[in-house]
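The values are calculated or read from the model by the stated rules, or taken from the named source; none is laboratory data. Predicted model only: the values in this text are computed from it and were never measured. Positions of Cβ are backbone-derived with ideal geometry, glycine not excepted, and every protein chain shown enters the neighbour counts. Just so you know, the surface numbers come from the protein's heavy atoms only, side chains and all, with ligands and any DNA or RNA stripped out. Shrake-Rupley method; radii C 1.70, N 1.55, O 1.52, S 1.80 Å.
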Amino acid sequence: EIPGREPVTDLGKQNAEIRERNRALETARKAVEKASALFSGLEKKARLAVGLARKIGQRMEREREAERQRKELVRQAEIRRQQDIRAAEEARKAADLERNRSKGLSRGRSRRSDRGYDPW
């Protein structure tokens, strides 16, 4: 074979065709290897992305649960605050009532005793 010259014999033509097919096959094999390597890299990145998405989802779920618990604690604190306010109001009313009773009794006794009447 002489570079730049076409083969003259049938055997030379067959050899040229075989070499051309081998070059095409080698080019195709290299392209497949390159595509396979790219696909492998993409597959790895996709797995990482799925893992990250899963972690983000789990974190968001934890944050939602923490927010729900925080709201529940705030709600319970407000209920306790309202109960404390009611209890303080009831205690104040009871103290006022007791104060008024004791004032009324002491006034009543002194007036009755002033009149000479003391049932006690």
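Just the number, please: carbon plus sulfur as a percent of the accessible area of the stretch 13-86, 1.4 Å probe, no ligands or DNA/RNA counted. Intermediate values should be presented prior to the final figure.
On the way: 4090 of 6880 Å².
Result for the stretch 13-86: 59 percent of the exposed heavy-atom area is carbon or sulfur.
Excluding Leu48 itself, what net charge comes from residues whose Cβ is under 15 Å from its Cβ, given Lys and Arg +1 and Asp and Glu -1? Each step should come with its number before you reach the end.
On the way: positive: Lys44, Lys45, Arg47, Arg54, Lys55; negative: Glu43.
After counting each charged neighbour, the total is +4.
The stretch 61-102 to the stretch 10-27: how many Å between their Cα centroids?
93 Å
How would Asp96, Asp84 rank on accessible area, largest to smallest, probe 1.4 Å? Numbers along the way, then the final one.
Working: Asp96 40, Asp84 105 Å².
Solvent-accessible surface, decreasing: Asp84, Asp96.
What whole-number value in cubic angstrom gives the convex hull volume per residue for the C-alpha atoms of the stretch 1-88? Working shown, then result.
Numbers: hull volume 7.7 nm³, N = 88.
Spread over its residues, the Cα hull of the stretch 1-88 gives 87 Å³ apiece.
Can you pull out the GluC sites (Glu not before Pro) in the stretch 1-32 whose DSSP state is coil and whose Cβ has at most 12 other Cβ atoms within 10 Å?
On the way: sites: Glu1, Glu17, Glu20, Glu26; in loops: Glu1.
Here the sparse-neighbourhood loop sites are Glu1.
In the Gaussian network model of the chain, springs joining C-alpha atoms below 10 Å, which of Val74, Val50, Val32 carries the largest mean-square fluctuation?
Val32
Cut-off under 29 Å on the C-alpha distance; same-chain residues fewer than 8 positions from Lys34 excluded. Which lysines are left, in chain and number order?
Lys44, Lys45
Suppose all protein chains stay in the model; what accessible area per residue would a 1.4 Å probe give for the chain, in Å²?
Values: 11250 Å² over 120 residues.
Solvent-accessible surface per residue comes out at 94 Å².
Quick one: length gained pulling Met60 to Arg92 fully straight, 0.36 nm per residue minus the C-alpha distance? Please report the intermediate quantities before stating the final value.
Working: separation 32, 0.36 × 32 = 11.52 nm, distance 4.73 nm.
6.8 nm is the gain from fully extending Met60 to Arg92.
Give, in nm to one decimal, the length gained when the segment between Glu26 and Asn100 is fully stretched (0.36 nm per residue of separation minus the Cα-Cα distance).
Full-extension gain reported as 15.7 nm.
To the nearest 10 degrees, how steep is helix 10-114 against the longest Cα principal axis of the chain, on a 0 to 90 scale?
0 degrees
Suppose only helical runs count, i.e. DSSP H with n ≥ 4. What mean residue ellipticity at 222 nm does that imply for the chain under -39500 (n - 2.57) per run, divided by all residues and rounded to the nearest 500 deg cm²/dmol? Intermediate values should be presented prior to the final figure.
Values: 1 runs with 105 residues, N = 120.
Calculated mean residue ellipticity at 222 nm is -33500 deg cm²/dmol.
What distance in nm separates the two pseudo spin-label positions at Ile85 and Ala37, each 7 Å out from Cα along the beta-carbon direction?
In this crude label model, Ile85 to Ala37 measures out at 7.3 nm.
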